[in-house]
Protein chains: 2
Amino acid sequence: MNHNHESLSRRRAKAAAPSRPTIKDVASRCGVHPSTVSRALSPAMSHLVADDVAKRIRATAAALGYRPNITAAGLRTGRSGLVGVLAPDIADPNFPPVLGGVAEALHEAGYATIVVDVGPHGSPVELADRLIARGVDGLVLATVSLHDPVVEHCIDASIPVVLVNRTDAGKLVPSVASDDEAGIRLAVDHLLALGHRRIGHVAGPQDISTGALRRAGFEAGMAQAGVPGEEIAVEAAPGYTREAGRAAALRLLERRPDLTAIVAANDLLALGVYDALAERGLNCPNEVSVVGHNDMPYLDMLSPPLTTVRIAQREMGDRAARLLLAQIRDPDARHDHVVLAPQLIVRGSTAAPRG
Amino acid sequence: MNHNHESLSRRRAKAAAPSRPTIKDVASRCGVHPSTVSRALSPAMSHLVADDVAKRIRATAAALGYRPNITAAGLRTGRSGLVGVLAPDIADPNFPPVLGGVAEALHEAGYATIVVDVGPHGSPVELADRLIARGVDGLVLATVSLHDPVVEHCIDASIPVVLVNRTDAGKLVPSVASDDEAGIRLAVDHLLALGHRRIGHVAGPQDISTGALRRAGFEAGMAQAGVPGEEIAVEAAPGYTREAGRAAALRLLERRPDLTAIVAANDLLALGVYDALAERGLNCPNEVSVVGHNDMPYLDMLSPPLTTVRIAQREMGDRAARLLLAQIRDPDARHDHVVLAPQLIVRGSTAAPRG
DNA sequence: CTTAGTTATGCAAACGTTTGCAGAGGTTTT
DNA sequence: AAAACCTCTGCAAACGTTTGCATAACTAAG
């Protein structure tokens, strides 16, 4: 019913800041002590105040447009309601669904998320420290390498942490990831079933769990199919980018011109494989089949549409958030390592090898 | 040189929280008053304390691993160093570059960003309020419709605001956007130059500036080319999605089977146009040329590669952040409306109409 | 009618900073 | 030598909450 909105906003240049009402304003308006207001407005404490008083307080709070100052409350309680997320590259199409899952679950629990894009030159430890200085109640790390100092650092700071998508070698903290070995084996088995035997792998960075595990899955799958170790062709890309995939694929084709199929550790790498095949004048899938990993959006629009392995990205984020919340509530909770099942999506980039 | 990291972290289960050192710890270690420490550590105030004392304080602060509690400082100063970003859909590939630009510029200025994905069912006003309650120093709105209540709401709350990508009808607050009319005219002129005359438009939502302005640009371009108003074919999609684009394109083709080209208001809509053309058995570009808008990633991998209009997304975010910072520093600063120039990117989806 | 118990409220301290004010000691000016 | 002025540091209040403790007013039990 506040009809002077307009004049207020008009006058904001000259007038002192209209500064939002505080708990004291509500208290004096109601003729009660601030602490009573605090209790009345806190679901956990409101049973301590008489029903009629509580109702009156809630009414005037609403009338004044009172919103508690979360910063002040956080100072007192030691909890900020903030969670930090360290992201490898927010522009990577694989990341937003994960982030969406994280943010949604946290939002429901009353937490807000601060996302920090670490980028190729940022220091995760430094950025984690900045977030900790901001008082975040927990950290979601989507960036860690296998032996990442940031993990130890967070443990030393005794702040709840959960890894998502990638895991650390020591399994020191809880994590949620797709079953990377199984994912690649889905791809390999699919190609084997089509009749391929000479399959190469464009691997991801080997200092990252996804890169290492997917490679391991590839090699295991090939070995199990009876391919001798020395015939198993792998080229690792230094990063999950289209350009790195192109370069690795070119190296692979140079070394092994006889390949009939390539499994990429990631869809972006697979895009690079497409580029390399085009450069070499090789048709996909007629001459070389290609499989990606992750099922990033719009792969069905490529020509040919990319066969890939779908991972449960949104669920990954969701589970990670829940693990983190559990840890915030009880810092000594068990450290779970959640592994989600991947799913093969067959499209047009894979076919039986030519005669 | 802290060698008891390990034992500390091991004991964290039983021991009380190792709680980071405060300004008082540094002060008593140095034998000075906390206020002196505060001054020594604040670049703006450090000239008030003797050089040798300041140096000693900085040294012990570093030795103790002291990091100021930003929450507490924020409570005192009224500034949180936090900026909120309201995003329409974080999974939309067009958004991350904008966000990247925003976050980078703010990070450099010492601000952290809280990104909130509004989604189709979220209430921007409600979410903005939550952010304000969190004490954000400013808001970047990437979601506003032409007559969006959230704008008035933020003005009433007298919190610095800047719009990005989209603008409000009243131009009440500063904004940064691409020149949407000009962008579509680049597309139209390109098609006209190729010889097309019967061009249709799959427009975006008409309650959003990008949708309305791009449509206006389309109609102006066609009118200027001498096409009578009643022959100008437009179908608006209710959202910027592939599926909405497909449906709108089908309606358009139903009404005007004679079209030789379609301009989509957005690349996602253009993907839907591709779908519709495939369904109708129409070849692109031979039978129908298609132009998108925004130049989202990997469009060059489509078949045919999509001709589109590139907009300066990252710069958009960067400029928006700077505008917001200026407004935070001086709430009465001029309200600029920045308009960035778009650029036509010609690929394979456009060709001269058939004879 | 005391005693114990319950319920609703007030009081005041605390969270970790920042900053206006005041004062101590020293140096320059008159 | 007094006056005026720096330069540096300490004091204490304030920011807006939350919460342990005390207390007052009742109610119930003995």
Within region B:119-128, restricting attention to residues that are within 18 Å of the chain's Cα centre (by Cα) and closer than 25 Å to A:Gly135 by Cβ, which residue is farthest from the other protein chains (Cβ to nearest Cβ)? B:Ala128
Scan region A:299-332 for residues that are out of contact with any Pro (no Cβ under 8 Å at 6 or more places or on another chain), assigned to a helix (DSSP H, G or I) and within 10 Å of another protein chain (Cβ to nearest Cβ) and jot them down. A:Asp300, A:Met301
Here is a check on your reading of the model: is A:Arg10 modelled with pLDDT under 95 and closer than 30 Å to B:Arg329 by Cβ? yes
Looking only at helices (runs of 4 or more DSSP H) that lie completely in region B:20-104, which have at least 3 residues being more than 9 Å from DNA strand C (Cβ to nearest atom)? B:23-30, B:51-64
Hey, does region B:232-250 have a residue that's among the aliphatic types (A, V, I, L, M) and farther than 30 Å from B:Leu163 by Cβ? yes
Candidates B:Ala109, B:Ala72, B:Ala87, B:Ala103 - the one that is over 20 Å from A:Val83 (Cα atoms) and touching a helix residue (DSSP H, G or I) at 6+ places or on another chain (Cβ under 9 Å): B:Ala109
Looking at region A:221-234, can you tell me whether even one residue there is in contact (Cβ under 8 Å) with a residue 40 or more places away in the chain, out of contact with any His (no Cβ under 8 Å at 6 or more places or on another chain) and hydrophobic (A, V, I, L, M, F, W, C)? no
Where a residue in region B:162-185 is crowded, with 24+ Cβ neighbours inside 10 Å and its partner, wherever it lies, is basic (Lys, Arg) and at pLDDT 95 or above, with Cβ under 6 Å and at least six apart: B:Val176/B:Arg319; B:Asp180/B:Arg214; B:Ile184/B:Arg214
When region A:71-88 is examined, which residues are found to be more than 9 Å from every other protein chain (Cβ to nearest Cβ), farther than 22 Å from A:Leu323 by Cβ and not small (Gly, Ala, Ser)? A:Arg76, A:Thr77
List the residue pairs whose Cβ atoms are under 7 Å apart, where the first residue sits in region A:33-46 and is without any contact (Cβ under 8 Å) to a residue 60 or more places away in the chain, the second is part of a loop (DSSP other than H, G, I, E, B), and the two are 6 or more positions apart or on different chains. A:Thr36/A:Val49; A:Arg39/A:Met45; A:Arg39/A:Val49; A:Ala40/A:Val49; A:Leu41/A:Pro68
Determine whether A:Gln327 is surrounded by fewer than 23 Cβ atoms within 10 Å (Cβ to Cβ) and either more than 27 Å from B:Asp89 (Cα to Cα) or among the hydroxyl-bearing types (Ser, Thr, Tyr) (or both). yes
Can you find even one residue in region A:217-224 that is closer than 30 Å to A:Leu324 by Cα, buried (at least 18 other Cβ atoms within 10 Å of the Cβ) and either at pLDDT 95 or above or in contact with a Cys (Cβ under 9 Å, 6 or more places away or on another chain) (or both)? yes
Would you check which residues across region A:95-110 are in contact with a Leu (Cβ under 9 Å, 6 or more places away or on another chain) and at pLDDT 95 or above and list them? A:Val102, A:Ala105, A:Leu106
Hey, can you tell me all the residues within region B:129-163 that are more than 17 Å from B:Ala87 (Cβ to Cβ), acidic (Asp, Glu) and more than 10 Å from chain A (Cβ to nearest Cβ)? B:Asp137
What is the residue count in region A:123-150 for residues that are basic (Lys, Arg) and without any contact (Cβ under 8 Å) to a residue 24 or more places away in the chain? 1
Does at least one position in region B:185-206 carry a residue that is acidic (Asp, Glu) and out of contact with any Gly (no Cβ under 9 Å at 6 or more places or on another chain)? no
Counted residues in region B:297-322 being touching a strand residue (DSSP E or B) at 6+ places or on another chain (Cβ under 8 Å) and closer than 22 Å to A:Ala91 by Cβ come to 16
Which of the numbered conditions does B:Ala54 fail, given that it passes all the others? Conditions: (1) facing chain A (nearest Cβ under 10 Å); (2) more than 29 Å from B:Ala320 (Cβ to Cβ); (3) in contact with a Ser or Thr (Cβ under 9 Å, 6 or more places away or on another chain). (1)
Note on region A:243-255: residues farther than 15 Å from A:Arg215 by Cα, buried (at least 20 other Cβ atoms within 10 Å of the Cβ) and not aliphatic (A, V, I, L, M) are A:Arg246
Residues (surrounded by fewer than 23 Cβ atoms within 10 Å (Cβ to Cβ) and either within 10 Å of chain B (Cβ to nearest Cβ) or on the phi > 0 side of the Ramachandran plot (or both)) located in region A:91-111: A:Ala91, A:Asp92, A:Pro93, A:Pro97, A:Gly100, A:Glu104, A:His107, A:Gly110
Would you point out which residue out of B:Val290, B:Val338 is more than 14 Å from chain A (Cβ to nearest Cβ) and in contact (Cβ under 8 Å) with a residue 24 or more places away in the chain? B:Val338
The conditions are (1) part of a helix (DSSP H, G or I); (2) touching a Leu at 6+ places or on another chain (Cβ under 6 Å), and B:Tyr240 fails exactly one of them. Which is it? (1)
Out of curiosity, is A:Ala249 away from chain B (no Cβ under 14 Å) and closer than 16 Å to A:Pro205 by Cβ? yes
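The values are calculated or read from the model by the stated rules, or taken from the named source; none is laboratory data. The structure presented is a predicted model; accordingly, all values stated were derived computationally and were not measured. Heads up, the Cβs are rebuilt from the backbone with ideal geometry, glycines too, and the neighbour counts pull from every protein chain shown.
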